[in-house]
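Since every read-out is calculated from the coordinates, none of them should be taken as a lab result. These numbers come from a predicted model, not from an experiment. Ideal geometry is used to build each Cβ from the backbone, glycine not excepted, and the neighbour counts take in all protein chains shown.
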């Protein structure tokens, strides 16, 4: 019976995850990991070689739709399968705990109590917010949790079944699993502490369990952990590179192992074998250096030698940060005091955006408690077991109260009414009461994967995205306590009713109720918000971005979400491989510059860079004062560009045959010095050396400072700015200043559903018209980018050509592809859309949209009667609405309120008199109607 329900737990969670998994790549690291798996490339440090090997195997599965999407879907299935197995191991772990306390169940009903409690804990994890999110995409956290849960279950089996399960082979298997897990994510190694606690307690008589032996063993556990990390992970490659200190350590360890075998010391033998198996599992990292030397298209950091592999493993690309001692923010100075080092520094980053946040906290301890512990960890913890207000950045916890506007998804807020939290806290208490030894092991794992990581990561504020996925290990432990709590409540019910025949029946009914109220409600609350089965936004956005580029273009991108999906399309799906992507963040690294300059992935042209390889390797950030830059434009290029764009219908102003702009410093350091970034040097150098023979594009999502001052020479074409050799005046009253209408409209008016690998027109907007589609915050941002582009085109039609028919065609197409009943708009966007319809003489549409924002503006005036806090004038919007609708009394009330702030404006009095007259005329007409 137990095995039958175990299979039910696995199949149920697998089916739910499979039904909600993304059909292709998702945003953030997913596109990069899928690309690395398919091409056996090298992802960002410190890599995930075992995940890559497993992902490569999954790419051969005969499942998925169109091949361009199918590879992503197949690699996503790794998370589906590993997450379902993790849920299974939670169930098995709970059953093992229950049996260790009470032995095998004496009857069916007692067995069902254990099963219901096990299912409650297992499904509480399965349907929790963070774990489910990880299970639906190609990321390392799903399989990382598989390793942790497998190790915990094996350790408990070994610990609780000493008479049956006492083979050291189990510990050796655990060691090998830990070694393999290094090739997925280093967080899995935290399970070592759980293993060592139970290893210490097993077969040890109570009188020998003292604080002294405990301290000694704890130090030993820390030592073993240090042997694995950083020992094996970081220092083993240094040894292979020729580090003599590490070589001496390895020789000593080898001699100890030999002596242990000679003297038949079983524990030393076990430790030696376990270390070897960890190294064997870790050997998957050979893939990184082997593949790096083959120069795959995706080859981050290019760790082609042991020296560079060490740098890769040490994540040197991302710099270092203090954990226990270092400089910190000084509230008196208003900056980082680099000359003073303190214990437990929390405010260490010198970035201006972080400095601004540090000012809000009185001390490092205040920052740690309120931001790192409170806003980061505890908020994420409560998201999973109390409720979540929405998916927007910094969304709060919600219990019963009004959540506010924290999501564009109708599935939020998610409310669990704190039932999982209360069950877990009761389970924690009960676990300590029944078995303090296994409870201590679980608690240490919970602390290590929760607060321990908070201390270790030392995150700054603000973060570019939510980081709840880091702490999923602690949520896993708490789910086990939820199962223990459910078991305890059923046992209490049975004890209270022990005199009655229906005791077991009532306790089982209570268990079913808990299963429904905790994980059942979590499933109900989270299904819509975690169902990504119709979400193609990342793929389609990358496709639209690439198709916005001309042949052999150089495309500058700003961050992960407009780079990793593009890599997937180029290197996996084979789409627009002629375009060379230059990620601006990576342009600050020497290895990336060298790859762009010297390599030709899939036959793409090299990026023209004038710096020598040696100059690139020694390039550093330097001081820079703003200066005028002149880039010559050959006469034939200038004439050809002018002629082409005039033919397209654009009016091009006269301009000299050169590009002239002011290049400014992009950053200021802690000492107030103006600096130029390597990326800015490279952007300028690439543009100059392209010599107008290669099209230059910037993604629309790039920051203004990334464009180095070229704003007057950039025109919007599709989802990119393209550099042109003539100057255009900027228009501040537009979403985008200058737009190439003919080119952009070809993409917007001719959507496609099947991707084309070659240069073609027509954007992809798959499933965005489906009311069942669920979009997360990042996907919603991309929809907003599309809306801005549509509305920019409408503005150009109206302002440059007074073409109301063209503007209406654009707006109708936007509503067709991005219906507002599915993709909600904020009041400001609706206001702008209403005004566009007003200019198109569509009063009906103006009234329709303005009616929707009327409550917003009335509320705004109640808070700020001047109306100055709004980016759009609420008086103008409301008066226009009331005039078109003939609601003269409402308009008069607004005008009288407005007159209080402009008492000397005669036009306001004049308008009040006019509207009073119209109100009287309307009243007279109504009175004459029989």
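Angle between the Cα long axis of helix 777-801 and the longest principal axis of the chain, 0 to 90 degrees, nearest 10?
10
If you take the Cα Rg of the stretch 669-780 and divide it by 2.2 N^0.38 Å, with N the number of residues, what do you get? Kindly include the intermediate steps, with their values, before the conclusion.
Values: Rg = 17.7 Å, N = 112, 2.2 N^0.38 = 13.2 Å.
My calculation over the Cα atoms of the stretch 669-780 gives 1.34.
Mind putting together the pair-distance distribution for the stretch 489-646? All Cα pairs, 5 Å bins, whole percent per bin, short to long.
With a bin width of 5 Å, the distribution comes to 1, 7, 9, 10, 10, 9, 9, 6, 4, 4, 4, 4, 4, 4, 4, 3, 2, 1, 1, 0, 0.
What is the extension gain from residue 693 to residue 909, computed as 0.36 nm multiplied by their sequence separation minus the C-alpha to C-alpha distance, in nm to one decimal?
Details: separation 216, 0.36 × 216 = 77.76 nm, distance 6.19 nm.
Computed gain between residue 693 and residue 909 is 71.6 nm.
Taking Cα atoms, how many degrees apart are the long axis of helix 2-20 and the longest axis of the chain, rounded to 10 and kept between 0 and 90?
20
Take the alpha-carbon centre of the stretch 419-455, take the same for the stretch 688-744, and report the distance between them in whole Å.
55
Taking every Cα atom in the stretch 395-450, find the radius of gyration and the maximum pairwise distance Dmax, and write them in Å.
16.2, 46
Run through the DSSP bridge list for the chain and note the antiparallel percent, rounded to the nearest 5.
70
What FRET efficiency would be calculated for the residue pair residue 767, residue 496, taking the C-beta separation as r and a Förster radius of 56 Å, to the nearest 0.05?
About 0.60, to the nearest 0.05.
Restricting the calculation to Cα positions, tell me the Rg (one decimal) and the Dmax (whole number) of the stretch 53-96 in Å.
13.7, 44
Quick one: check the C-alpha center-to-center distance for the stretch 369-415 versus the stretch 514-590, whole angstrom.
Each part's Cα centre sits 25 Å from the other's.
What does a probe at residue 393 reach in the stretch 693-725, counting residues whose amide N is under 15 Å from the point 7 Å along Cα→Cβ?
Zone members listed by number: 701-704.
Could you give the length gained by full extension between residue 516 and residue 746, i.e. 0.36 nm per residue of separation minus their alpha carbon distance, to one decimal place? Show your work: numbers first, answer last.
Numbers: separation 230, 0.36 × 230 = 82.80 nm, distance 5.19 nm.
That pair, residue 516 and residue 746, stretches by 77.6 nm at full extension.
On a full-extension model of 0.36 nm per residue, what is the gain between residue 216 and residue 754, subtracting their alpha-carbon distance, rounded to one decimal in nm?
Values: separation 538, 0.36 × 538 = 193.68 nm, distance 6.37 nm.
Roughly 187.3 nm would be gained on extension.
Just to compare against my own numbers: the Cα pair-distance distribution for the stretch 825-928, 10 Å bins, whole % per bin, please.
Calculated P(r), rounded to whole percents: 15, 42, 34, 8, 0.
Using only Cα positions of the stretch 44-137, each an equal point scatterer, no hydration layer, compute I(q)/I(0) via Debye at q = 0.15, 0.24 Å⁻¹ and quote the log10 values to two decimals.
-0.73, -1.14
Given the alpha-carbon gyration tensor of the stretch 850-895, what are the semi-axes of its equivalent ellipsoid in whole angstrom, ordered largest first, with each equal to the square root of 5 times an eigenvalue? Walk me through the numbers before you get to the answer.
Working: eigenvalues 59, 23, 15 Å².
Taking √(5λ) for each Cα gyration eigenvalue gives 17, 11, 9 Å.
Between the alpha-carbon centers of the stretch 49-127 and the stretch 753-827, tell me the distance in whole angstrom.
40
With no solvent and one point per C-alpha, what does the Debye sum give as log10 I(q)/I(0) for the stretch 287-349 at q = 0.13, 0.18, 0.20, 0.21 Å⁻¹?
Debye intensities relative to I(0), on a log10 scale: -0.54, -0.67, -0.72, -0.76.
Helix-derived [θ] at 222 nm for the chain: sum -39500 (n - 2.57) over DSSP H runs of at least 4, divide by residue count, nearest 500?
After summing the helix terms and dividing by the residues of the chain, the value is -17500 deg cm²/dmol.
Regarding the chain, what are the three Cα extents along the principal axes, ordered largest first, in Å?
98, 82, 62
Taking square-rooted eigenvalues a ≥ b ≥ c of the alpha carbon gyration tensor, is the stretch 343-438 rounded, prolate or oblate, where a/c under 1.5 means rounded and, failing that, a/b exceeding b/c means prolate?
Since a/c reaches 1.5 but b/c is at least a/b, the shape of the stretch 343-438 is classed as oblate.
Going from the alpha-carbon gyration tensor of the stretch 764-856, what semi-axes, largest first and in whole Å, does one get by taking the root of 5 times each eigenvalue?
Computed over the stretch 764-856, the values are 22, 16, 11 Å.
Can you give the Rg to Rh ratio for the stretch 119-169, taking only C-alpha atoms and Rh from Kirkwood?
1.13
Which whole-percent values make up P(r) of the stretch 557-624 when all C-alpha to C-alpha distances are grouped in 5 Å steps starting at zero?
Spelled out bin by bin, the stretch 557-624 gives 3, 16, 23, 25, 17, 9, 5, 1, 0 percent.
If I fit a long axis through the Cα atoms of helix 49-58 and take the longest principal axis of the Cα atoms of the chain, what angle between them do I get, 0 to 90°, rounded to 10?
So the helix axis and the longest Cα principal axis differ by about 80 degrees.
State, to one decimal in nm, how far the label point of residue 325 lies from the label point of residue 534, with both points 7 Å from Cα in the Cβ direction.
5.8
Counting pairs of Cα atoms in the stretch 722-819, how many percent are more than 23 Å apart?
Tail of P(r) above 23 Å: 32 percent of Cα pairs.
Stokes-Einstein at 4 °C, 1.567 mPa s, Kirkwood radius from Cα pairs: D for the stretch 384-534 in µm² s⁻¹?
In µm²/s, the coefficient is 74.
Based on Cα coordinates alone, diagonalise the gyration tensor for the stretch 794-839, multiply each eigenvalue by 5, take square roots, and list the semi-axes in whole Å, largest first.
Its equivalent ellipsoid spans semi-axes of 20, 13, 6 Å.
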